[in-house]
1. Give the whole-number value, in cubic angstrom per residue, of the convex hull volume spanned by the C-alpha atoms of the stretch 154-208.
2. Highest GNM mean-square fluctuation, the chain, Cα pairs closer than 10 Å: which of Phe155, Phe48, Phe72?
3. Treating the angle as unsigned and between 0 and 90°, give the value, to the nearest 10°, between the Cα long axis of helix 131-145 and the longest Cα principal axis of the chain.
4. List the extent of the Cα atoms of the stretch 16-171 along each of their three principal axes, largest first, rounded to whole Å.
5. Can you work out the base-10 log of I(q)/I(0) for the stretch 1-76 at q = 0.11, 0.22, 0.27 1/Å, using the Debye formula on its C-alpha atoms alone?
6. Between the DSSP loop rule and a limit of at most 14 other Cβ atoms within 10 Å, which GluC sites (Glu not before Pro) in the stretch 84-128 are left?
7. Taking the Cβ of each residue in Asp246, Asp193 as the centre, tally the other Cβ atoms inside 10 Å and list the residues starting with the fewest.
8. How big is the C-alpha Rg of the stretch 135-226 next to the rule-of-thumb value 2.2 N^0.38 Å, as a ratio?
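Derivation of every value follows stated rules applied to the coordinates shown; laboratory data play no part. Remember, it's a predicted structure, so these values are computed and weren't measured experimentally. Heads up, the Cβs are rebuilt from the backbone with ideal geometry, glycines too, and the neighbour counts pull from every protein chain shown.
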Amino acid sequence: MQKDLLKLLDLTGQEINEILDVADQMKYSQKHGIPHDYLRGKTLAMIFEKNSTRTRVSFEVGMYQLGGHALFLSGKESQIGRGEPVEDTARVLSRYCDGIMIRTFAQEEVEELARCSTIPVINGLTDFCHPCQVLADLMTVREKMTRLEGLKLAFIGDGNNMANSLIVGGLKCGMYVSVACPEGYEPDGRVLDFAKTVTGPKFQLVRTPAEAVKDADVVITDVWASMGQEGEREARKKAFAGYCVDADLMKLAHPGCMVQHCLPAHKGEEIAADVFEAHADEIFEEAENRLHAQKAVLYLLMRD
Ligand code: CP
Ligand code: NVA
């Protein structure tokens, strides 16, 4: 493992599977009351420049369960919001803390933070990617389907941070990945370039959800307007009409197909309420697995 978790592009498929193995162990230990306070006395600084429910709570609870402590820093209320350079924030936090989790807009800010910190940095979502979420998604799929290799993952909707991480994570774990998005809303070029390097017919970018979902083992979607794109909400609603994961679309998938959603969901937009409820157990298991997957990352990066 490298010093930081900045994006799944930096990891090998084997490293991703190793994190998932540790995540399974973390989940087992937590469920069976087996002590696992590997980070006793350690502190994680959590910088949030965007809203969060799951990421904040799962990192904070995860640090507590590992015997450590988490510190919430709001971008607005800290000096970061008043323009203190990232390189100085990195050097200061490195003197007090043992790790940093950051949720912000630009991927470059996270990369700069990591370059200037002597402690591990974990990406808790940028406009470019959401690696912790996708580790939890892959963990949930592997748990239910017993493997990832050879399964088909279909992503329907915006080629956003979730799509980017799912393409990279899915392909690195040997999955077939099919993405359906409207013109102009494609995944990031760096991710499409990576997909081209994967040998075999493993990645497909299509326009119709029906094409993407055909014979899928897991269908994943996300909001049409991500954080920071609130002003585009109405335009995006029009652009994404026809990209709703509904019961008719699900009929085209493999029988027993899973549905995942990172949440929060806009029911009636990217996902129909009945499909959401029919797959609620899988979706909330996915939310729970954020905790276990991130505890694995915290342990692997911050242990002595
Ligand atoms: N899925 C996810 O990252 O949720 P939050 O925005 O609530 O952290
Ligand atoms: N794509 C969404 C994910 C939220 C967890 C966003 O960036 O807002």
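1. So the per-residue hull volume is 66 Å³.
2. Taking springs between Cα atoms under 10 Å, the residue moving most is Phe72.
3. The angle comes out at about 60 degrees.
4. Largest to smallest, the principal-axis extents are 47, 41, 25 Å.
5. -0.35, -1.20, -1.23
6. none
7. With the sparsest Cβ surroundings first, the list reads Asp193, Asp246.
8. Compactness ratio reported: 0.98.
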